[in-house]
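Note sheet for the following structure.
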Amino acid sequence: MIDQLTSAERLRLMRFVCSFAWADLEIQPEERAFIGRLVRGLDLDPSEELQVHRWLDVPPDLDGLDPATIPAEHRQLFLEAVEGVIAADGAVAEEEAENVAVFRQLLV
């Protein structure tokens with residue numbers, strides 16, 4: 001499924017993932033590691049990788065980050081990636097759980 005994403009869709013996936021990693025206002029080392037593995041799996045180009053690293057330093061802008069724009073065939077992938085990053089550190093904060101629940105509802 002990941003190999004079916006366009007370059008823009010891969011970057012949008014990472015923007016969503018990074019925004020969820022910031023839900024508790026802190027990026028944990030395990031979340032960074034998860035995002036690093038995801039970046040490698042997506043085969044991002046160097047400029048895209050740099051953008052993801054910037055989002056790990058400063059949260060991505062949420063303007064235009066609308067779950068309704070995710071194509072239906074990619075929604076499960078986006079949901080699994082978001083769930084993976086919030087679970088990566090072994091502790092799901094209340095804010096993270098609430099955000100994922102809302103995200104899941106918006107994708108249905």
Among 76, 65, 103, whose Cα lies farthest out toward the positive end of the dipole of segment 55-108, if unit charges sit on the beta carbon of Lys, Arg (+1) and Asp, Glu (-1)?
76
Extension gain residue 104-residue 2, at 0.36 nm per residue separation less the Cα-Cα distance, in nm?
34.8 nm
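Once you charge only the Cβ atoms, +1 for Lys and Arg and -1 for Asp and Glu, what is the size of the charge dipole of the chain about its Cα centre, to the nearest 20 debye?
Result for the chain is approximately 300 debye, rounded to the nearest 20.
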Protection-proxy order for peptides 17-24, 28-35, each taking the mean of Cβ atoms within 10 Å per residue, highest first:
17-24, 28-35
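Kirkwood hydrodynamic radius for the chain: how many Å is it when counted over pairs of different Cα atoms?
13.8
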Which Cα, out of 56, 19, 41, lies furthest along the positive dipole direction of segment 2-107 (beta carbon charges, K/R +1, D/E -1)?
41
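Throughout, read-outs are computed from the coordinates displayed, never taken from laboratory work. Everything numeric here is computed off the predicted structure, so don't read it as measured data. All Cβ positions, even for glycine, are placed from backbone atoms using ideal geometry, and neighbour counts span all protein chains on display.
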